[in-house]
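Accompanying notes for the structure given below.
The values are calculated or read from the model by the stated rules, or taken from the named source; none is laboratory data. What you are looking at is a predicted structure, and each value in this text was computed from that prediction instead of being measured. Positions of Cβ are generated from backbone atoms using ideal geometry, with glycine treated the same way; all protein chains shown enter the neighbour counts. We work out accessible area using only protein heavy atoms, side chains counted, and drop any ligands, DNA or RNA first. Shrake-Rupley method; radii C 1.70, N 1.55, O 1.52, S 1.80 Å.
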Amino acid sequence: MNCSQNCLDSNCDRETGLCVSGCKGFSDPPSCTKSCPSAVWGVNCTLACNTLCKNSSCNKVTGQCNNGCSAGYRGLWCNEECPEGQWGDDCSNNCSSNCWTQVCNKQSGLCESGCHGFSNPPDCTQDCPDGSWGLNCHSKCSTQCINQICQSVTGHCMFNCTEGCNYLTYSEVKETGKNEMTFGAGMGIGFVLGVVVIATLEVIMLIIYRVRKKSAATSHENKDLSNDKLQAYDGVNEMNVYTHSYETTCSPELKGDNRNDSSQQTSEYSNLQSPVYETF
């Protein structure tokens, strides 16, 4: 037969089976039949469970906190503290966002570092009164906020702000360390953007002017070319008229005296040519 698993190192007397080296998680060697009472564990139940174990309860053999850890701790033996921002049994809770920098007591969850936009540390459940904000509501809203009322956490003007003021108040930039744009910087950027826009518009207008000028020049050239063609056409027409008139005037079909003169000239020409033919 095998020795009882309750025996330390599984070592027992070969004849009786008694745990000669002691018990593992049991309190009555060599029999090792009685389990360790609450809050103790180990060889013959001589070791105490970690007090950070929930209800001081632990595994009788390994000593691990089998029921979890008390508030503020975690791990198998509950020997690790909760990280910042967590609290409660086994560190299962997150600190309230009402706590300053969201840090709280790791056991109770109370905002021991103060409140972020609330007035009653460490509970941090009461809103800031009108006109105040920030750590435990100690900061005053900017006088530039309308009715001097601002958001209790950020300090932003609740109902906007007076003309010419920055929406993020100077007090917020000062106390929270935010590097927000100032009103002067905003004006500078606005001026630069205005110059860029104006320059862009001037370039566009110049391009439009040049395009229209080029278009007008092209139209004028086309018009001159058309006029040249028209004048050439008129010239040709006048030549045709002149030629027609000339042909009409010089036509051989003459009337009256002109016809007779022509006939006489022909007769004289014939008479002049006759002797030549006779000579041959």
Original post:
Excluding Thr46 itself, what net charge comes from residues whose Cβ is under 13 Å from its Cβ, given Lys and Arg +1 and Asp and Glu -1?
Top reply: +1
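Glu112 to His138: extension gain in nm, 0.36 nm per residue of separation minus the Cα-Cα distance?
Separation in residues times 0.36 nm, less the Cα-Cα distance, equals 7.8 nm.
Heavy atoms only, 1.4 Å probe, whole protein assembly: order Phe159, Phe118 by accessible area, highest first.
Largest accessible area first, the list is Phe159, Phe118.
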Original post:
Once phi is turned into θ = phi - 60°, what whole-Hz ³J(HN,Hα) does the Karplus curve with 6.51, -1.76 and 1.60 give for every residue of segment 44-56, x standing for Gly and Pro?
Top reply: 6, 6, 9, 9, 8, 5, 4, 5, 7, 5, 4, 6, 6
**OP:** Name the residues whose placed amide hydrogens come within less than 5 Å of the amide hydrogen of Phe118, ignoring near sequence neighbours (fewer than 5 apart) on the same chain.
**Re:** Asn136, Cys137
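For an R0 of 45 angstrom, estimate the FRET efficiency from the Cβ-Cβ distance between Ile207 and Phe159 and round to the nearest 0.05.
Working: r = 47 Å, r/R0 = 1.04.
Using R0 = 45 Å, I get an efficiency of 0.45.
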**OP:** Please list, in chain and number order, the residues 5+ apart from Ser132 or on another chain whose amide H is under 5 Å from its amide H, with Hs placed from the backbone.
**Re:** Cys141, Cys150
Original post:
Counting pairs of alpha carbon atoms under 8 Å apart in space and at least six apart in sequence, what relative contact order in percent does segment 23-161 give?
Top reply: 11 percent
Original post:
Full extension from Gln126 to Ile198: what is 0.36 nm times the residue separation minus their Cα-Cα distance, to one decimal in nm?
Top reply: 20.6 nm
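What does the charge count near Asn94 come to, summing +1 for each Lys or Arg and -1 for each Asp or Glu among other residues with Cβ under 15 Å from its Cβ?
On the way: positive: Arg74, Lys106; negative: Glu84, Asp89, Asp90.
The answer is -1.
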Subject >> In Å², nearest 10: area of Asp123 left accessible to a 1.4 Å probe >> reply: 90 Å²
Original post:
Whole-Hz Karplus ³J(HN,Hα) for segment 21-38, in order, using 6.51 cos²θ - 1.76 cosθ + 1.60 and θ = phi - 60°, x for Gly and Pro?
Top reply: 9, x, 9, 10, x, 10, 10, 10, x, x, 5, 6, 10, 9, 5, 4, x, 4
**OP:** Would you please give the residues with an amide H less than 5 Å from that of Asp28, counting only those at least 5 places away or on a separate chain, with H modeled from the backbone geometry?
**Re:** Thr33, Lys34
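When you count, for each residue, the other Cβ atoms within 10 Å and take the mean per peptide, how do 204-211, 63-70 rank with the highest first?
Values: 204-211: 10.0, 63-70: 18.4.
Top to bottom by mean Cβ count within 10 Å: 63-70, 204-211.
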**OP:** May I ask you to evaluate 6.51 cos²θ - 1.76 cosθ + 1.60, the Karplus curve with θ = phi - 60°, for each residue of segment 143-160 and list the ³J(HN,Hα) values in order in whole Hz, giving x for glycine and proline?
**Re:** 5, 7, 5, 4, 6, 6, 10, 9, 5, 5, 9, 9, x, 4, 4, 5, 10, 6
Original post:
With each label point set 7 Å from Cα along the Cα-Cβ vector, what nm distance links Ala48 and Asp28?
Top reply: 2.6 nm
Original post:
Want the number for Ala39 to Thr101: 0.36 nm per residue separation, take away the alpha-carbon distance, what's left?
Top reply: 18.5 nm
